[in-house]
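The values are calculated or read from the model by the stated rules, or taken from the named source; none is laboratory data. Remember, it's a predicted structure, so these values are computed and weren't measured experimentally. Cβ coordinates were reconstructed from backbone atoms using ideal geometry, including for glycine residues, and neighbour counts include every protein chain displayed. With ligands, DNA and RNA removed, areas are computed over all heavy atoms of the protein, side chains included. Shrake-Rupley method; radii C 1.70, N 1.55, O 1.52, S 1.80 Å.
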Amino acid sequence: MRLTENRLRNIIRNIILQESAVTPEQLSDDYTVIIQDNGIIATPLKNLGRVDLTTRFSHLDPNTILKMPSYSLRLKYKYNHPKLLEPVEEVFAELEMRKWDGMCNDAWEVYWADVHDDYKDAGFGPLMYDIAMELAGKHGLMCDRNSVSNEAARLWNHYLNLRSDVFSDNIDIDNCPSDMLTTGDEMAIKKGAKHPWHQKVYYSTHNVSGNQKPVIDLLNKAGRIEYIRHKYPGEF
């Protein structure tokens, strides 16, 4: 089947957008990034996934209470129109992250992320993940321990293979429950195979090399961040 010029242009555009984050410099005054510090949330281990802890992780007590620091990220757009009496604000993208203290390499987990259909494939998802990775700092960021959408999977693979400013480390699979880890994966890893992308922790080289947060710092400088219950993200 011969591709039309418009169809080819759309394919190329989608490939570029799926791999590229919107940069802080590209955001107009109508965009705001909201970073909300939710504090520490106490959660039983058994409530954090569908994996059968008794069968696959018999050494872990499912009633263990994890004290998990948590952040919420939201992207907001302000509509201005002559017919509107005042601007209308809309949250069009969200991300939730929490820290596994004492498990999963002490990493932060992105356990929920969503971008409204009207804004998909426009680079806002990668922008949120870049911010989340800078918030995670020296502890690093990992994917949802239950399931990951196809869009998110492409992004994690992009971090693993194509981002020179991101490096990864293997998750301790014996101390980190995951529905993404199959029995076959587990056996292969224990025989020396590489950890799949969903069993890795991802780090920003900027943060590790000098505690820099280039995306967050640029957003701060441009006045594009609104903090809730936290003046500036700290390290845990």
>> Per residue, how much accessible surface does the chain expose to a 1.4 Å probe? Answer in Å², no decimals.
In response: 54
> So what is the relative contact order for the stretch 79-171, in percent, with contacts set as C-alpha pairs under 8 Å and at least six apart?
Replying inline: 22
> What Cys residues in the chain have no fellow cysteine's beta-carbon under 4.7 angstrom?
Replying inline: C143
>> When 1/r is averaged over all different Cα pairs and the result inverted, which Kirkwood radius in Å belongs to the chain?
In response: 19.2
>> Taking the 0 to 90 degree range and rounding to the nearest ten, how far is the long axis of helix 124-136 tilted relative to the main principal axis of the chain, both from C-alpha atoms?
In response: 50
>> Tell me which of Y202, G39, Y79 sits at the most positive position along the dipole axis of the chain, charges placed on C-beta atoms (Lys, Arg +1; Asp, Glu -1).
In response: Y202
> Of E89, E109, E226, which is the most mobile in a GNM of the chain whose springs link Cα atoms less than 10 angstrom apart?
Replying inline: E89
> Dipole magnitude of the chain about its Cα centre, charges +1 at Lys/Arg Cβ and -1 at Asp/Glu Cβ only, in debye to the nearest 20?
Replying inline: 340
>> Under the 0.36 nm per residue contour assumption, what length would be gained going from the current alpha-carbon distance of D61 and E226 to full extension?
In response: 55.5 nm
> Based on the inverse mean of 1/r over its pairs of different Cα atoms, what is the Kirkwood hydrodynamic radius of the stretch 108-197, in Å?
Replying inline: 14.3
>> For the chain, what does the relative contact order come out to in percent, with C-alpha contacts under 8 Å and a separation of six or more?
In response: 23
> Helix 150-162 versus the longest principal axis of the chain: what angle, 0 to 90°, nearest 10, using Cα atoms?
Replying inline: 80
> Ignoring ligands, DNA and RNA, what percent of the accessible area of the chain is carbon or sulfur (1.4 Å)?
Replying inline: 50
>> Give me the extension gain from M187 to D118: residue separation times 0.36 nm, minus the current Cα-Cα distance, reported in nm with one decimal.
In response: 20.7 nm
>> Given a Förster distance of 22 Å, report the FRET efficiency between D217 and K78 from their Cβ-Cβ distance, rounded to the nearest 0.05.
In response: 0.45
